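Quick notes on the structure that follows.
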Amino acid sequence: MSNSEFPSLQKLRNQSQILPGQYNKILVANRGEIPIRIFRSAHELGMHTVAVYSYEDRLSMHRFKADEAYQIGKKGQYSPVQAYLAMDEIIDIAKKHGVSMIHPGYGFLSENEEFAAKVENAGLIWVGPSPEVIESLGDKVSARVLAAKCNVPTVPGTPGPIEDVEEAKDFVKKYGYPVIIKAAYGGGGRGMRVVHEGDDIVDAFHRASSEAKSAFGNGTCFLERFLIHPKHIEVQLLADSYGNTVHLFERDCSVQRRHQKVIEMAPSKTLPDDVRNSILADAVKLAKTAHFRSAGTAEFLVDTKGRHYFIEVNPRIQVEHTITEEITGIDIVSAQIQIAAGASLTDMGLLQDKITTRGFAIQCRITTEDPAKNFQPDTGKIEVYRSAGGNGIRLDGGNGFVGSVISPHYDSLLVKCTAHASNFEVTRRKMVRALIEFRIRGVKTNIPFLIAVLTHPVFQQGSCWTTFIDDTPSLFDMISSKNRAQKLLGYIAEMCVNGSSVKGQVGVPRLHEEAKIPAITDPATGASIDVASLPPPARSSGWRDVIVSGGPEEFARRVRRNNGVLIMDTTWRDAHQSLLATRVRTIDLLNIAPSTAYAFTNAFALECWGGATFDVSMRFLHEDPWQRLRKMRAAVPNIPFQMLLRGANGVGYASLPDNAIDHFVKQAKDNGVDIFRVFDALNDLEQLKVGVDAVKKAGGVVEATVCYSGDMLQPGKKYNLDYYMQTVGQIVKMGTHVLGIKDMAGTMKPAAARLLIGSIRKAYPDLPIHLHTHDSAGTGVSTYVAAAEAGVDVVDCAVNSMSGLTSQPSMSAFIAAVDGRFATGIPESAARELDAYWAEMRLLYSCFGADLKGPDPEIYKTEIPGGQLTNLIFQAQQVGLGDQWAATKAAYTEANRLLGDIVKVTPTSKVVGDLAQFMVSNHLSGPDVERLASELDFPDSVLDFFQGLMGTPYGGFPEPLRTNLTCRPGLELKPFDLQQVRNDLHARFGPEIDECDVASYNMYPKVYEDWRSVLEKYGDLSVLPTRFFLAAPKIGEEINVNIEEGKTLIIKLIAVGDLNQETGTRDVYFQMNGEMRKVAVQDKKAGVEKVTKPKADGHNPNEVGSPMSGVIVEVKANVGDDVAKGDPLCVLSAMKMEMVVSAPTAGRVLDIFIKKDENVEGGDLLVKLGHPGTPDA
């Protein structure tokens, strides 16, 4: 069959045409979803369709669904809304292009009798009631007159429209509050305000009138008494030109927000039959009396006693007509068009006794609004759009597609979802299922809220009322969409355009493939253990069972009775802190966790949490340290976890109130920590005791620790054997379960270990001793062997690839050194097998390595802690001192002297390092610092030290520096108000806040806030493979991201677009699970000037941001005004709705960043406040 033999589309329509030939072309004077809905019925009738659109709507879907489409006016001739109100322009388009009918849809000009008259006067067919009927019914005041004529009850209200607010005041005096102000023309919740006693009726009246004029071109309003808890019932009507009228039964539209319907059902589930029949009869009576024609809706309120009151007749198609179509099987739009063409109800077979209902239907209006922010309309580009479907689901959409730009100019409706089934409960479940299927990204939607309503017991009973949403705050406890995929794409796209922003990173990873998980061998049988197919080992297989079953005291006894030297593996914390700037991520620990659980079953513990890893997780890795702890605990249930606790500092760098430490330690214990290595950087026993007591309260194993500094064998050293034995004695009196000795700098020589450990063992034969050192000088294994000979119980080691240099001694080397003398419980083969993985990790994290070549015996002189040495090299490079590393090391020694030869452990080691870099940067010698102390701007850490915020050093603070140094005022450490912190975090970050969040905030408020900002922007980045966290993928490279059990994202980078010279952005294209995704990224290297308004800090109540995109219609405040909380600052108009932006807190207006008629985007800074009485900015 040749192409010429195929019938054309027009020919097919002509063959199926139902209406007479002169009615073959229809224009819809509307936008969004309703024109598309009308086009479909028109096409089924064999008609040709015409769309009109504003310039701003030139890419809207309704334009492309029509056979022809024409722009209303020229660019800039009309505002976005005025274009659809341009009667003459629309009629001219219709006449010019041979249109025979005009359908107004709903909203805009649908209830404007002047437009209807103009259409008919132009010789065109108006699909709707006659202009005279529109005038008598569309005006709600005239409709009340009609109701009185028909003896249909109405709610008490003003006898006619009012233009003077004084008339409103008189009505309130007569009937009392509450009242509702309504636009006389139009609907959809526009121009409505409920006013309760004590509210400002004058402002409400003006706002309603202004909103009505903007939406409908007429600001006339009237007042009614506002009923409490009524149901909103409406009756669908159809009437022809011959006096015939039928009803299509009722709809229950009681679920409303701002008087705009949100969810509708048909028929009403709880309406008594006698009330239903009375309402249906009254609706038909009203239509017949008014000589109604076409489709319309009679609306009623039903109070709690079953009395119904007529509200109005809407002389147009309604948004929710779809549910009536579903239960009756009648195409209402098709009937409208046929009636306009002269058909009778009889012609169409629409006889009242033949019209029945079948089952139930529910419609949800999916809008681009954010329920969590008082339903503020959201704007932007739809990045992802995946709709629902399946049995019993109908979608009526407009601009729901990828790439669609949602503007602030129009209604926020995106798509209508209608469900239909045999009974109400099945229909409800079907709707919930459909809503869950939707995936809409790029703009916020009300889908989580709709689900909350549909699953609420009141809705399930069908007994909602018109203020149900306002009266039920629990509806806002929503299950929100996480938008995880699009957020992750945003991070990868940022990486593709601007590179990594991880602090301290130099270059990219040298590992270009996924690390391999090594095979683990059972040392008893020599058989390979298939870890991947096995569950985690039983808790009873390791030392953790002793803690859980027997408690800390029994654990300490068993450790002391152990015949040998146990090993704690530091690979998961201190080793990577020392070698890789603490940058190892959760995903790489979890990948090797199952193998570690089997290989190191007999390990004393895994050091895996606390210390610097806590804040670095949030600060640089953008991860939740608590989530890391919980996931590691689940993967390794058998080996104890040890964390590092800085005494009264917690995991911070300065002292905190005792209750904050107690709270933090309890969360750590509850989430998986077993052993707490508690230390104070200055061996300040009072500070140490805060941490020890907190661990005891929480039920953890206390490992109170003495910090070792320098060479105790050196004559004249103040930290000598007597000092350490005295300190240990006081620690023992505190009641520690295990004694820790922490040699942070690696300066403990073998002879010192033999002397110190031997002396402690002799004095305290039943005390378990745990030694920690760094291998900076290369003597670590020798020191451990000497300690073992002297009676140590536990030593810290790391797997080979993560050992040596500034890290801990090699596990394999130590096991070999004591082989045949001391059992460690860990087979050397197990350490070697796991090391294959960590060798690859060194390549993966090579961009953080300090590139140290070998041991540094100079450490005995500088005493720089191993963990700090790597970081100090990075810091020197960051501040431009990379080429002065030798000078920095010399300055470190001098800074230590100036500070009084202190114990150098975090955070005191940071004080020494900061002072050293300060001296090198400013070319200061030690004597210079002492002489100029009162004039120098010292680093904060140095001031904190001399203020005593880190405790008191042994021997006191040094003179004359302490006297000459002017410190800031002391800080009084009052207990934190934990409940207030909870409330504040809940208000700022949502209901998912838990006690771990409170603990994080107490430790690092600013770091926590910054992490939350990254989390909000990019989601949980811990699931992203490290290669792509640190470097961009190659074009065409595929990334597998497991976002949760059984859910994997397959991401492929397709292209990075050219620079947009106007915006300075680049589009990055991906395939995500086979779907195309696009992310726009600001190119930070581009030299494009982009004028942007400042954005408000959403977490700062003094910066008032725009809640949505829109236009400023009024500025109510002035610079210098003192405002109370809730006072109006400005009025914003968006999506035909006006919103008063109020002061979130009391204060003085310091600056105003907007003016009348100015366009703003969501988040733009509008007003800046200060404390009341603050001088003007």
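The values are calculated or read from the model by the stated rules, or taken from the named source; none is laboratory data. Just so it is clear, the model here is predicted, and its values are computed rather than measured. No Cβ is skipped: glycine too gets one built from the backbone with ideal geometry, and neighbour counts run over all protein chains shown. Only protein heavy atoms, including side chains, enter the accessible area calculation; ligands, DNA and RNA are left aside. Shrake-Rupley method; radii C 1.70, N 1.55, O 1.52, S 1.80 Å.
Would you mention how many residues in segment 471-521 are within 30 Å of Ser829 (Cα to Cα), in contact with a strand residue (DSSP E or B) (Cβ under 7 Å, 6 or more places away or on another chain) and not β-branched (Val, Ile, Thr)?
So the first thing to find is which residues in segment 471-521 are within 30 Å of Ser829 (Cα to Cα), and the list is 509-521.
Within this subset, residues satisfying the condition of being in contact with a strand residue (DSSP E or B) (Cβ under 7 Å, 6 or more places away or on another chain) are 519-521.
Then keep just the ones that are not β-branched (Val, Ile, Thr); that gives 519.
Here the count works out to 1.
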Can you report the number of residues in segment 646-690 which are modelled with pLDDT of 95 or more and closer than 21 Å to Leu767 by Cα?
5
Select the helices (runs of 4 or more DSSP H) contained entirely in segment 115-234, then report the ones holding at least 3 residues which are touching a Cys at 6+ places or on another chain (Cβ under 7 Å) and small (Gly, Ala, Ser).
201-216
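Among the strands (runs of 3 or more DSSP E) lying completely within segment 32-105, list those that include at least 2 residues that are open to solvent by less than 30 Å² (accessible area, probe 1.4 Å).
48-53, 101-103
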All but one of (1) open to solvent by 30 Å² or more (accessible area, probe 1.4 Å); (2) in a loop (DSSP other than H, G, I, E, B) hold for Leu350; which doesn't?
(1)
Across (1) open to solvent by 50 Å² or more (accessible area, probe 1.4 Å); (2) small (Gly, Ala, Ser); (3) touching a His at 6+ places or on another chain (Cβ under 8 Å), Ser528 clears everything bar (3)
With segment 598-704 as the region, which strands (runs of 3 or more DSSP E) entirely inside it contain at least 2 residues that are open to solvent by less than 10 Å² (accessible area, probe 1.4 Å) and within 27 Å of Pro535 (Cβ to Cβ)?
605-610, 641-645
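Just wondering, is there one or more residues in segment 426-445 that are under 26 Å from Thr328 (Cβ atoms) and among the hydroxyl-bearing types (Ser, Thr, Tyr)? Steps first, please.
As a first pass, look at segment 426-445 and keep what is under 26 Å from Thr328 (Cβ atoms): 426-435.
Then drop every residue that is not among the hydroxyl-bearing types (Ser, Thr, Tyr), which leaves 427.
The answer is yes; a qualifying residue exists.
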Taking the conditions exactly as written (assigned to a strand (DSSP E or B) and either of a type in the set (A, V, I, L, M) or under 30 Å from Thr445 (Cα atoms) (or both)), does Leu301 satisfy them or not?
yes
Got a sec? Which of Gly791, Gly820 is at pLDDT 95 or above, over 48 Å from the mean Cα position of the chain (by Cα) and either of a type in the set (A, V, I, L, M) or surrounded by fewer than 21 Cβ atoms within 10 Å (Cβ to Cβ) (or both)?
Gly791
Got a number for residues in segment 353-379 being surrounded by 14 or more Cβ atoms within 10 Å (Cβ to Cβ), not aliphatic (A, V, I, L, M) and not in a strand (DSSP E or B)?
7
Residues Val275, Val235, Val255, Val172: which one is of a type in the set (A, V, I, L, M), open to solvent by less than 10 Å² (accessible area, probe 1.4 Å), over 23 Å from Val1113 (Cβ atoms) and over 35 Å from the mean Cα position of the chain (by Cα)?
Val235
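Can you tell me which residue in segment 106-130 is surrounded by the fewest Cβ atoms within 10 Å (Cβ to Cβ), limited to those that are among the aromatic types (Phe, Trp, Tyr) and closer than 27 Å to Pro408 by Cβ? Don't jump to the end; show me each part of the working.
First, pick out the residues of segment 106-130 that are among the aromatic types (Phe, Trp, Tyr): 106, 108, 115, 126.
Filter again for closer than 27 Å to Pro408 by Cβ, leaving 106, 108, 115.
Numbers: Tyr106: 19, Phe108: 24, Phe115: 25.
Across segment 106-130, the extreme among qualifying residues is Tyr106.
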Would you check which residues across segment 278-327 are open to solvent by less than 20 Å² (accessible area, probe 1.4 Å), more than 14 Å from Glu250 (Cα to Cα) and without any contact (Cβ under 8 Å) to a residue 60 or more places away in the chain and list them?
Ala287
Among Ser533, Ser549, Ser540, the single one that is polar (S, T, N, Q) and modelled with pLDDT of 90 or more is Ser549
Members of segment 213-229 that are at pLDDT 80 or above and hydrophobic (A, V, I, L, M, F, W, C)
Cys221, Phe222, Leu223, Phe226, Leu227, Ile228
What are the residues in segment 531-543 that are open to solvent by 40 Å² or more (accessible area, probe 1.4 Å), touching a residue at least 60 places away in the same chain (Cβ under 8 Å) and not hydrophobic (A, V, I, L, M, F, W, C), if any?
Pro536, Arg539, Ser540, Ser541
Would you please list the contacts, defined by Cβ atoms under 7 Å and residues six or more apart or on different chains, that run from a residue in segment 559-584 that is open to solvent by 10 Å² or more (accessible area, probe 1.4 Å) to a residue that is in a loop (DSSP other than H, G, I, E, B) and aromatic (Phe, Trp, Tyr)?
Gly564/Phe822; Arg583/Phe620; Arg583/Tyr845
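Report the residue count in segment 937-985 for those that are among the small types (Gly, Ala, Ser), loosely packed, with under 12 Cβ neighbours inside 10 Å and at pLDDT below 70. Give the derivation first.
Pass one, segment 937-985, residues among the small types (Gly, Ala, Ser): 941, 948, 951, 955-956, 970.
From what's left, loosely packed, with under 12 Cβ neighbours inside 10 Å: 956, 970.
Applying the additional criterion that residues be at pLDDT below 70 yields 970.
Adding up the residues that qualify gives 1.
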For Ser136, are the conditions met, namely being open to solvent by 20 Å² or more (accessible area, probe 1.4 Å) and among the polar types (S, T, N, Q)?
yes
Tell me which of these Ser934 doesn't satisfy, since it passes every other one: (1) at pLDDT 75 or above; (2) open to solvent by 60 Å² or more (accessible area, probe 1.4 Å).
(1)
Across (1) assigned to a loop (DSSP other than H, G, I, E, B); (2) free of Cβ contacts under 8 Å to residues at least 60 places away in the same chain, Lys718 clears everything bar (2)
Check on Lys853, part of a loop (DSSP other than H, G, I, E, B), at pLDDT 65 or above and open to solvent by 10 Å² or more (accessible area, probe 1.4 Å):
yes
Answer yes or no: is there a residue in segment 1009-1023 that is modelled with pLDDT of 90 or more, hydroxyl-bearing (Ser, Thr, Tyr), surrounded by 14 or more Cβ atoms within 10 Å (Cβ to Cβ) and in contact with a Pro (Cβ under 9 Å, 6 or more places away or on another chain).
no
Select, from His456, His420, the only residue that is of a type outside the set (A, V, I, L, M, F, W, C) and buried (at least 18 other Cβ atoms within 10 Å of the Cβ).
His420
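Among the residues of segment 428-452, what is the count of those that are within 21 Å of Asn374 (Cα to Cα), part of a helix (DSSP H, G or I) and either touching a Cys at 6+ places or on another chain (Cβ under 8 Å) or among the hydroxyl-bearing types (Ser, Thr, Tyr) (or both)?
Of all residues in segment 428-452, those within 21 Å of Asn374 (Cα to Cα) come to 435, 440-452.
Within this subset, residues satisfying the condition of being part of a helix (DSSP H, G or I) are 435, 447-452.
Those still in the list that are either touching a Cys at 6+ places or on another chain (Cβ under 8 Å) or among the hydroxyl-bearing types (Ser, Thr, Tyr) (or both) too: 435, 450.
Final tally of qualifying residues: 2.
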Restrict the check to segment 496-514 and report whether at least one residue is among the charged types (D, E, K, R), open to solvent by less than 50 Å² (accessible area, probe 1.4 Å) and modelled with pLDDT of 90 or more.
no
